[in-house]
Amino acid sequence: PSPRSSQLDGANEEALGSKIEELKQKDRALDQEITQLLSEGYSLEELEKHISLLHEYNDIKDAGQMLLGKLAVIRGVTTKQLYPEYDLELSD
């Protein structure tokens, strides 16, 4: 292997290590949040149902965004320009 490929491998390993550490921190934060919610009286079943509903909401939102994008292309406008027409906020 050339010195350049060795440098790239080292950079890739460093980036992966950094990403792994970031995910571990996120995992710990989520565990702490779950512990907090459980201590507030929420049940695991309730939390799982809520998470399931959030996934469903995100899937529906993604489909809506795709449809808005296709409509914007057909009309030759930006998606942002369609928001007022459908009473949507930019934060939606």
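Quick notes on this structure:
- Scanning the range 28-86 for residues that are surrounded by 10 or more Cβ atoms within 10 Å (Cβ to Cβ), polar (S, T, N, Q) and over 21 Å from the mean Cα position of the chain (by Cα) turns up Thr35, Gln36, Ser43, Thr78, Gln81.
- Where a residue in the range 11-27 is open to solvent by 90 Å² or more (accessible area, probe 1.4 Å) and among the aromatic types (Phe, Trp, Tyr) and its partner, wherever it lies, is modelled with pLDDT of 90 or more and in a helix (DSSP H, G or I), with Cβ under 6 Å and at least six apart: none
- Among the residues of the range 44-92, those identified as among the hydroxyl-bearing types (Ser, Thr, Tyr) and either in the same structural domain as Asp31 (by the TED database) or over 24 Å from Asp31 (Cα atoms) (or both) are Thr78, Thr79, Tyr83, Tyr86, Ser91.
The values are calculated or read from the model by the stated rules, or taken from the named source; none is laboratory data. Being a predicted model, the structure only gives us computed values, none of them experimental. Every residue, glycine among them, receives a Cβ derived from its backbone with ideal geometry; neighbour counts consider all protein chains shown. With ligands, DNA and RNA removed, areas are computed over all heavy atoms of the protein, side chains included. Shrake-Rupley method; radii C 1.70, N 1.55, O 1.52, S 1.80 Å.
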